[in-house]
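Worksheet: one structure, shown below.
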Amino acid sequence: MAKIQQTFVCQSCGAVYNRWRGRCEACNGWNTIQEEVASAGPQSGPAATRPSRARGRVFPLEGLTGEAKEAPRTASGINELDRVTGGGFVRGSVILLGGDPGIGKSTLLMQASAAMAKSGERVAYISGEEAVGQVRLRAERLGLAKYPVELAAQTNVEDIVETLSQGHPPALTIIDSIQTMWTETVESAPGTVTQVRSSAQALIRFAKTTGTAVILVGHVTKDGQIAGPRVVEHMVDAVASFEGDQGHHFRILRAVKNRFGPTDEIGVFEMTDAGLAEVPNPSALFLAGRDHAAPGTAVFAGMEGTRPLLVEIQALVAPSSLGMPRRAVVGWDPNRLSMVLAVLEAHGGIRLGGHDVYLNVAGGLRISEPAADLAVAAALVSSLSGAALPSDSVFFGELGLSGAVRPVSQAPARLKEALKLGFGKAVTPQGRGEAGDRALPTDALRHIADLVAGIASGAPRRGGGRPKAVRYEEEM
Ligand code: TYD
Ligand code: MG
C-alpha cells in the first residue's frame, strides 16, 4: 500500500522540506511554503510501474553524421510571433508563455488561434480562467468569432487529454493557464507546485504522443519569475515572456529559452482597440514623440536578435539633498548604471557623488545590451552639463572599466538602421564597423574622455538647457 507522506513545498521555487518553516532556504521567499500530500512517496514514477529487471536492454549507438530532418512547423501567420518561435510552432513541442496579468496573453493567443484556424488547422482553446462566454466576447471584440476555434472552459487534465485525443489531434492547443489545471493523479490543490508540475507533465506527454503543439500560459510572480516550479521551465521546449508596461501600448514577446529556434529575437506588438497589432518597424515607434532639444536624451542604436532597434535613453542628473544620492533605473540594469557612473567619475573627470541620477529607456522597453553604455554615458553627461546632444546622432559602444570605448557586434546593421531613419551621424567605438559604401559619418571614440570633451565643447546647444558652459567643471 502506498504510504501517505506529508511534505512541505515552496510554492515559488519547488524546494521540498519535511517540516513547515517561515522562509524557504532555497529562494529566500517568506511564507511561500505550503503543506502538500504526496501519495506514493519516492516509489512513484516509472520505476514503480515497470517490473524490475536485473539487466538493461542493449540499444544501438549512432554517429553525428546521418539524416537530420528539419522540425516540421506550422506558421501562425502572425509574423512577429513566428519570428520569436523561429518560423512557427514545431509539432509536438510545448511552449510556456509567461507575463503579467492583463498584459495581453489571452488576446495574443486568441489571435494566433484564429489565424491558424483560418488557415484550416484544428485549434483548441482551453480556458481555465474565463467562462466560454467571456472568451467568446473577447473573440467577438477582436472580430475573430467567425473562425472555427474549438473552445472549452475546463480544468481537468485527464478530461482535456481524452477529449482532444478524439479524432484528428489539433495542430495547436492553448491551455490558459497552467496554474488552473489539475490532475487526478495527485491530491494537492490546483495552483500548487505539485499540481502544476504533474499537469504540465501530462500535457507534455499529450503533445509528444499526438504531435499537437501546446502553449501553456503561466502566471508571473511579483519578481517577474514564472510562478510555480522552475522545473516547468526545464520541462518545456520553449519559454517565452510577454512584456510591456501597463502605461504604454507596446508589448514585447521575448523567447527566454527555445530548443528549436533563436532566443534573442523579439516580436513587437501594439495594443489597440482591436487587439494586438504587429509592429514591423519598431524603431520608428520607439522614437516617436522624441523631444529633440532636451538635454539628457541620447538615441541608442541597439540590436534585438537580428533586428536593429533604435531607442531613446533619457537621463536626469540633479543635485541631491540626501546623504545617499538616489539612483533609479527603468529598463536597464542598475549595476550597469553604477559601473558607467564609476567610469565617468574615474576616467571622465565628472563628479556625480552629490547628484541624484534617474535613467529611463523610453517606451517601456528593457535593454540588456552592454552596447548601450556609450548612449547612457552621453545622456548622463548631457543632462549634467545642460547641453543637448545633436538630435541627428546615434550612439553605441561598450565601456571598459579603464574608460576605453570598446567595439560591439553588428555595427554595420546598427549604422544602416540609423541611416534609414534619417540620422546623420553615429558616435561609435573605433575600429571595425564601417557599414560599407554608403555608411553614416561616424565619430569614432577611443576613450570616455573623448565623449565628455566632445559634449562639453562642440555639442550644438539647441534649446532650453542651462545657459552656462559646463557645470561639472565648476565642481571638480
Ligand atoms: P488579456 O489578454 O486578457 O490579458 P492576460 O491574458 O495577459 O491577463 O488582456 C487584457 C487587457 O488587454 C485588458 O486590460 C484590455 C486590453 N485589451 C485591449 O486594449 N484591446 C483589445 O482588443 C483587447 C481584447 C484587450
Ligand atoms: Mg488571460
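We did not get these values from a lab; they are worked out from the coordinates using the rules stated. Since this is a predicted model, take the numbers as computed values, not measurements. We place every Cβ from the backbone using ideal geometry, glycine too, and count neighbours over all the protein chains shown.
Summary of computed values
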| read-out | value |
| --- | --- |
| Full-stretch length increase - ARG366, THR306 - with 0.36 nm per residue and alpha-carbon distance subtracted | 19.9 nm |
| Debye-sum result for the chain in log10 I(q)/I(0), which assumes one identical scatterer on each alpha carbon, at q = 0.11 Å⁻¹ | -0.99 |
| Relative contact order (percent, whole number), segment 332-418, Cα cutoff 8 Å, 6+ residue spacing | 30 percent |
| Charge dipole (the chain, unit charges on Cβ, about Cα centre) - positive-most of GLY218, GLY363, SER283 | GLY218 |
| DSSP beta bridge pairing in segment 153-298, given as percent antiparallel to the nearest 5 | 75 percent |
| Local net charge near VAL84, Cβ-Cβ under 14 Å (Lys/Arg +1, Asp/Glu -1) | 0 |
| Antiparallel %, DSSP beta bridges [both residues in the chain], to 5 | 55 percent |
| Segment 73-280, dipole about Cα centre (Lys/Arg Cβ +1, Asp/Glu Cβ -1), debye to the nearest 20 | 420 debye |
| Taking the chain and dividing mean pair separation by its residue count, relative contact order in percent (alpha carbons under 8 Å, at least six apart) | 12 percent |
| Relative exposure of SER113, SER165, SER283, judged by other C-beta atoms within 10 Å (fewest first) | SER165, SER283, SER113 |
| Rounded to 10°, Cα long-axis angle of helix 105-118 versus longest principal axis of the chain | 70 degrees |
| Extension gain from ASP264 to SER402, taking 0.36 nm per residue of separation minus the Cα-Cα distance | 46.8 nm |
| Isolated Cys in the chain, by beta carbon distance under 4.7 Å | none |
| Radius 11 Å from Cβ of GLU36, net charge of other residues (Lys, Arg +1; Asp, Glu -1) | -1 |
| Prolate/oblate/rounded label for segment 73-280 (Cα gyration tensor, a/c 1.5) | rounded |
| Mean separation of Cα contacts under 8 Å, 6 or more apart, over the residue count of segment 73-280: relative contact order % | 29 percent |
| Gain in span if fully extended, MET324 to VAL231, counting 0.36 nm per residue against the direct Cα distance | 29.5 nm |
| Magnitude of the charge dipole, the chain, Cβ model with Lys/Arg +1 and Asp/Glu -1, debye to 20 | 580 debye |
| Cut-off 15 Å between beta-carbons: net charge of the residues surrounding THR183, Lys and Arg +1, Asp and Glu -1 | -4 |
| Peptides ranked, highest mean first, by Cβ atoms within 10 Å: ranges 359-369, 191-201, 314-324, 145-155 | 191-201, 359-369, 145-155, 314-324 |
| FRET efficiency for ASP273 and ALA54, using Cβ-Cβ distance with R0 set to 45 Å, rounded to 0.05 | 0.10 |
| Angle between the chain longest axis and helix 373-385 axis [Cα atoms, degrees, rounded to 10] | 50 degrees |
| Crossing angle, helix 193-210 versus the chain [Cα axis fit, 0-90 degrees, rounded to tens] | 80 degrees |
